[in-house]
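The values are calculated or read from the model by the stated rules, or taken from the named source; none is laboratory data. Predicted model, so just to flag it, every value in this text is computed and none were measured. Cβ atoms come from the backbone with ideal geometry, glycine included; neighbour counts cover every protein chain shown.
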Amino acid sequence: MTENDIISPENLVYKKPELMNDTPMHYCPGCSHGVVHKLIAEIIEEMGMEEKTVGVSPVGCAVFAYRYLDIDWQEAAHGRAPALATAIKRLWPDRLVFTYQGDGDLACIGTAETIHALNRGEHIAIIFINNAIYGMTGGQMAPTTLIGQKTSTCPYGRDPELHGYPLNITEIASTLRGTCYVSRQSVDTVGSILKAKKAIRKAFEASMKGLGSSLVEIVSTCNSGWKLSPAEANEWMREKMFKEYVKGDLKDTTNLK
Amino acid sequence: MSTNRGAIVVDKDRCKGCALCVLACSKGVISLAVRKVNVHGYPYVEPMNPDNCIGCASCAIVCPDGCIEVYRKIIDKEDEQ
Ligand SMILES: Cc1ncc(C[n+]2csc(CCOP(=O)(O)OP(=O)(O)O)c2C)c(N)n1
Ligand code: SF4
Ligand code: SF4
Ligand code: SF4
């Protein structure tokens, strides 16, 4: 048995999803964004929604998400993705409409848009990449930065006296009557990636069934901003982030599997 | 007795050498290529111990850039000999 006997189309068990094109992604090596992009592509393919999905990309490292997944996209102004998604979904109800936003975009400049869209129960899904930092602009403190975490704008660590406390948007979302599904996941291991995929799939299906709005937070790494290797960043996330941002479903009124 | 034999194909010019796949593989199949970089200047990985691969796809699932294709074939142990 040689490798060449195994490498043949009928034995294929995994490859990059079709919807993800061959354009090299600009993300840093090991960045969580890429894993979440792959999951979104796989789910859209499995739902057969390739021609009927509109994504709304943010300002932040994922600003170029539209270059990598071959679906329809709109690029929102900083933090305004949920407002744009609201308009798209209301005008085009048969479309699967989701936003893809970082914590600087969603939990800082766009807090109002996020909370109001979720509270209105818009039939959209919000994918929230929480890496506790502004990645794109060089690792400044975000509302989600952990107490004691060092960033370029709090080099001695976040001090609640001076900077306030970490903002837990996902917990807030779970208290809003407009939300039907609120979940927090991660993408650092095979098991967690499969769970995150299930959560995003549920959020997408809930939006198509008109059950309300959904938020799926992915606790993520920004190894460049954290100044760690990709492997160390995963360790740091598991050790520190999961304590503040506990994984699991926070709310599920969908009755979907 | 049958067993799973696997093989991976790495798109080396898409790889960024993050090494997350190396950690995800419990069979020690993958390593960073020694003192080599791809067209983008990134280090990249190769299947250094291809015979150990069982085709579980862990490496490919964790790869943020979708660089790895995985193949798997069930074979009879006797055929191996
Ligand atoms: C109106 C406006 N204000 C500020 C900025 C600068 N800016 C660009 S990205 C960003 C934050 C990005 O952080 P996050 O949303 O967490 O995404 P990440 O890059 O970490 O994925 C900021 C403040 C901008 N582009 N536009
Ligand atoms: S700066 Fe951080 S979030 Fe942005 S691509 Fe690099 S690792 Fe990812
Ligand atoms: S498919 Fe499994 S055994 Fe083969 S290289 Fe990948 S992780 Fe290792
Ligand atoms: S996980 Fe992907 S990008 Fe990272 S080293 Fe492995 S093949 Fe390369």
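Figures for the structure shown
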{"quantity": "Tally of residues being within 29 Å of B:Gly41 (Cα to Cα) and among the polar types (S, T, N, Q) across the stretch A:5-48", "calculated": "3"}
{"quantity": "In the stretch A:95-118, residue nearest to the other protein chains (Cβ to nearest Cβ) [restricted to those that are touching a residue at least 60 places away in the same chain (Cβ under 8 Å) and more than 14 Å from ligand 1 (Cβ to nearest atom)]", "calculated": "A:Phe98"}
{"quantity": "Evaluation of A:Val36 against (1) away from chain B (no Cβ under 14 Å); (2) within 16 Å of ligand 2 (Cβ to nearest atom) (one fails), failing number", "calculated": "(1)"}
{"quantity": "In the stretch A:43-67, the residues that are assigned to a helix (DSSP H, G or I) and over 22 Å from A:Gly110 (Cβ atoms)", "calculated": "A:Ile43, A:Ile44, A:Glu45, A:Glu46"}
{"quantity": "Entirely in chain B, the strands (runs of 3 or more DSSP E) that have 2 or more residues that are charged (D, E, K, R), within 16 Å of A:Ile7 (Cβ to Cβ) and in contact with a Lys or Arg (Cβ under 8 Å, 6 or more places away or on another chain)", "calculated": "B:68-76"}
{"quantity": "Filtered residue count, the stretch A:171-192, keeping only those that are surrounded by fewer than 21 Cβ atoms within 10 Å (Cβ to Cβ) and under 30 Å from A:Tyr14 (Cβ atoms)", "calculated": "4"}
{"quantity": "Residue match in the stretch A:191-199 (condition: on the phi < 0 side of the Ramachandran plot, free of Cβ contacts under 8 Å to residues at least 60 places away in the same chain and either within 16 Å of ligand 4 (Cβ to nearest atom) or more than 18 Å from the chain's Cα centre (by Cα) (or both))", "calculated": "yes"}
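Let's see how each residue does on (1) more than 9 Å from chain A (Cβ to nearest Cβ); (2) more than 11 Å from B:Arg14 (Cα to Cα); (3) modelled with pLDDT under 95:
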residue	(1), (2), (3)
B:Gly41	yes, no, no
B:Met48	yes, yes, no
B:Ala60	no, yes, no
B:Gly66	no, no, no
B:Arg72	no, yes, no
